[in-house]
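My structure is below; once you've seen it, I'll send some questions.
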Amino acid sequence: EPEVTQTPSHQVTQMGQEVILRCVPISNHLYFYWYRQILGQKVEFLVSFYNNEISEKSEIFDDQFSVERPDGSNFTLKIRSTKLEDSAMYFCATPRGLADTDTQYFGPGTRLTVL
Amino acid sequence: GESVGLHLPTLSVQEGDNSIINCAYSNSASDYFIWYKQESGKGPQFIIDIRSNMDKRQGQRVTVLLNKTVKHLSLQIAATQPGDSAVYFCAENRAGGYNKLIFGAGTRLAVHP
């Protein structure tokens, strides 16, 4: 299975602080997704990113969230002012290949703990 | 409302038995379905997928069945092994949804020796 990497594996922060989560997707793909999973719950869609623009976002993805592709390969998810309820696992995902944009491969996730 | 859900939150099986995990979806327009396996502390791992123009697809020890009439999806695991113990999620890709995946609630599979 193609590898998607994420850093850090665990981030602990104080409420109100900004956090940046990073992902290195399968190379050369224009599609990119962020999901989150609150402990013990299902995986929820946050945002999809295509060709350096947000193509769709969920209700969860409010003004506190932003996504960027700062250097053409890495993707970041920024939460400007974290809340306790932002504590969750955050996963990035990219499609399998250029010809197949449906199947998504997930990274190992970043566990965000907001105190 | 829209949802992809699961009938059984926990499934316990004996090693060597076959396992069947079920999933119901609500959107008839969904045209692509994926099963993921998630082990503790890890990201969802792709197992098998199926498109709406098919009703069955087989992989290595796994089979996915799709019944569009009743909007039901199942994952069959043959000769279940302890390494199969995990939470299994079905996910649907809704046509026109920019490929976002809508996940079900998950079923925990516990394999006992």
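The values are calculated or read from the model by the stated rules, or taken from the named source; none is laboratory data. In this text the structure is predicted, and so the values were computed from the model without any measurement. Here the Cβ positions follow ideal geometry from the backbone for every residue, glycine too, while neighbour counts run over all protein chains shown.
Check B:GLN81 against each of (1) in contact (Cβ under 8 Å) with a residue 60 or more places away in the chain; (2) within 13 Å of chain A (Cβ to nearest Cβ); (3) polar (S, T, N, Q) and name the one condition it does not meet.
Among (1) in contact (Cβ under 8 Å) with a residue 60 or more places away in the chain; (2) within 13 Å of chain A (Cβ to nearest Cβ); (3) polar (S, T, N, Q), B:GLN81 violates only (2).
Can you spot a residue in region A:14-24 that is within 12 Å of another protein chain (Cβ to nearest Cβ) and more than 30 Å from B:PRO9 (Cα to Cα)?
Yes: region A:14-24 contains one or more residues that are within 12 Å of another protein chain (Cβ to nearest Cβ) and more than 30 Å from B:PRO9 (Cα to Cα).
Follow-up question, since we're still on this one. Within region A:47-89, can you find the residues that are touching a residue at least 40 places away in the same chain (Cβ under 8 Å) and under 16 Å from A:TYR31 (Cα atoms)?
Scanning region A:47-89 gives A:SER73, A:ASN74, A:PHE75, A:THR76, A:LEU77.
Right, something else. Inside region B:47-71, can you point out the residues that are in a strand (DSSP E or B) and touching a strand residue (DSSP E or B) at 6+ places or on another chain (Cβ under 6 Å)?
Selection gives B:ILE47, B:ILE48, B:ASP49, B:ILE50, B:ARG51, B:LYS56, B:ARG57, B:VAL62, B:THR63, B:VAL64, B:LEU65, B:LEU66.
If you take the residues of region A:40-54 that are more than 18 Å from B:LYS42 (Cα to Cα) and of a type outside the set (D, E, K, R), which of them is farthest from the other protein chains (Cβ to nearest Cβ)?
Step by step, filter region A:40-54, then rank; the result is A:ASN52.
Every residue, every condition in (1) closer than 21 Å to A:LYS57 by Cα; (2) modelled with pLDDT of 95 or more; (3) within 13 Å of another protein chain (Cβ to nearest Cβ), yes or no:
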{"site": "B:VAL70", "(1), (2), (3)": "no, no, no"}
{"site": "B:SER74", "(1), (2), (3)": "no, yes, no"}
{"site": "B:ILE77", "(1), (2), (3)": "no, yes, no"}
{"site": "B:GLY96", "(1), (2), (3)": "yes, no, yes"}
{"site": "B:LEU101", "(1), (2), (3)": "yes, no, yes"}
{"site": "B:GLY104", "(1), (2), (3)": "yes, no, yes"}
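Right, another one. For region A:77-110, enumerate the residues that are surrounded by fewer than 17 Cβ atoms within 10 Å (Cβ to Cβ), touching a Ser or Thr at 6+ places or on another chain (Cβ under 9 Å) and assigned to a strand (DSSP E or B).
A:LYS78, A:GLY97
Look through A:PHE91, A:PHE75, A:PHE65 and report the one residue that is in contact with a Phe, Trp or Tyr (Cβ under 7 Å, 6 or more places away or on another chain), more than 14 Å from every other protein chain (Cβ to nearest Cβ) and under 20 Å from A:THR13 (Cβ atoms).
Answer to the selection: A:PHE75.
If I ask for residues that are over 19 Å from A:GLN17 (Cα atoms) and touching a strand residue (DSSP E or B) at 6+ places or on another chain (Cβ under 9 Å), which ones from region A:56-73 would you list?
Those that are over 19 Å from A:GLN17 (Cα atoms) and touching a strand residue (DSSP E or B) at 6+ places or on another chain (Cβ under 9 Å): A:GLU56, A:LYS57, A:SER58, A:ARG69, A:PRO70, A:SER73.
Quick check on this structure: which one of B:ALA86, B:ALA24 is more than 30 Å from A:HIS29 (Cβ to Cβ), touching a Ser or Thr at 6+ places or on another chain (Cβ under 9 Å) and not hydroxyl-bearing (Ser, Thr, Tyr)?
Exactly one of B:ALA86, B:ALA24 is more than 30 Å from A:HIS29 (Cβ to Cβ), touching a Ser or Thr at 6+ places or on another chain (Cβ under 9 Å) and not hydroxyl-bearing (Ser, Thr, Tyr), namely B:ALA24.
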